[in-house]
Amino acid sequence: AILAPEAGPLAGRHALVTSGPTHEPIDPVRYIANRSSGKQGHAIAAALARLGARVTLVAGPVTLPDPPGVTTLHVETAREMLAACEAALPADIAVMAAAVADWRVAREATQKLKKEPGAEAPSLTMALNPDILATISRHARRPSLVIGFAAETEQVVEHAIAKRARKGCDWILANDVSGDVMGGDANRIHLVTDSGVEDWPEMAKAEVAARLAARIAAALG
Ligand code: CTP
Ligand code: CA
């Protein structure tokens, strides 16, 4: 049965969700980015809205349509994503599913870099981007439930446990991205909380989203 949003278990709650990659410009025509389709983050935003939450989705550049019933803010860089997230607070729930570029190019060229005949390839000096999940986890207006992802290619659960502590978030959804998860429709999740690790079977990203939204609703009572 389709619940009217005002009747859902998350009615009256505000959820902040990030999704997609960020693009960090090199010059007006080039950028650095992570691989991310935004499918998982967008599905989570939609699932939270279906349970009645008011949802603010801060989305990097993706080809997906804005989810229905969700306020979607479009950003390009990690710094824009952080600013949009902080401006969206207060929130009860934060789910940071974006694949944020860890580094940006320190000095973005204002004109297109030219490939002059005989010239060497340019070197790029990188600067560290802000960590949005860590910032929101330690924010004065911290949401009561802060959830991050951990995309790992090895030692998935070990890295996720360490990441949860380092970021200061409540839950981490760890996934193994060594296969074809990127852009695919399925995900295999290990949910890391303060009470341990739960291994979820492989399921569609939409099912991961529905299961997570239900867990969030149960946790917030
Ligand atoms: N994240 C973020 N801001 C960043 C980097 C990551 O908010 N600048 C968030 C992601 O949205 C995700 C979580 O942090 O929820 C973990 O991202 P991940 O890339 O797996 O972790 P990192 O701490 O960046 O470590 P590494 O890439 O070295 O594994
Ligand atoms: Ca990273």
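Residues within the reach of a label modelled at A162 (point 7 angstrom out along Cα to beta-carbon, backbone nitrogen below 12 Å), restricted to the stretch 120-141: there are none. Scaling against 2.2 N^0.38 Å puts the C-alpha radius of gyration of the stretch 113-221 at 1.40. Plainly put, the stretch 35-140 has a radius of gyration that is 1.08 times its Kirkwood radius, both from alpha-carbon atoms, as the Rg/Rh ratio. For the pair K115 and R79 in one chain, pulling the backbone fully straight at 0.36 nm per residue adds 10.1 nm over the alpha carbon distance.
Shown is the FRET efficiency for W200 and L124, computed with R0 = 30 Å from the Cβ-Cβ distance and rounded to the nearest 0.05: 0.20. With both residues required to sit in the chain, DSSP beta bridges show an antiparallel share near 40%.
How many angstrom lie between the Cα centre of the stretch 12-87 and the Cα centre of the stretch 148-218? Cα centroid to Cα centroid, the span is 18 Å. By the rule of a C-alpha distance below 15 Å, with chain neighbours fewer than 8 residues away ignored, the aspartates and glutamates paired with K115 are D27. What would the Debye formula give as log10 I(q)/I(0) at q = 0.14 Å⁻¹ for the alpha-carbon point model of the stretch 1-95, no solvent? The Debye formula, applied to the Cα set alone, gives -0.50. When you filter the GluC sites (Glu not before Pro) in the stretch 126-195 for DSSP loop state and at most 16 other Cβ atoms inside 10 Å of their Cβ, you are left with E154. Here, the stretch 28-68 yields an orientationally averaged convex hull projection of 3.5 nm² when only Cα atoms define the hull.
Solvent-free Debye calculation, one equal scatterer per alpha-carbon of the stretch 87-133: log10 I(q)/I(0) at 0.14, 0.22, 0.31 Å⁻¹ equals -0.59, -0.92, -1.19. Between G20, G60, G69, the Gaussian network model of the chain with springs among Cα atoms under 10 angstrom shows the greatest mean-square fluctuation at G69.
Out of every Cα-Cα pair in the chain, what percent are more than 21 Å apart? Intermediate values should be presented prior to the final figure.
Numbers: 13366 of 24310 pairs.
Result: 55 percent of Cα pairs exceed 21 Å.
Report, to the nearest 10°, how far helix 205-220 tilts away from the longest principal axis of the Cα atoms in the chain, using its own Cα long axis and a range of 0 to 90°. Between the helix axis and the principal axis of the chain, the angle is about 60 degrees.
Which of the trypsin sites (Lys or Arg not before Pro) across the stretch 58-166 are loop residues per DSSP, with 12 or fewer other Cβ within 10 Å?
Numbers: sites: R79, R104, R107, K112, K114, K115, R138, R141, K163, R164, R166; in loops: R107, K112, K114, K115, R138, R141.
Here the trypsin sites (Lys or Arg not before Pro) that fit, given the DSSP loop and packing criteria, are R107, K112, K114, K115, R141.
Where a number appears in this text, it was derived from the coordinates with a stated rule and is not lab data. Since we're looking at a predicted model, the values are computed, not measured. All Cβ positions, glycine included, derive from the backbone under ideal geometry; neighbour counts span all protein chains shown.
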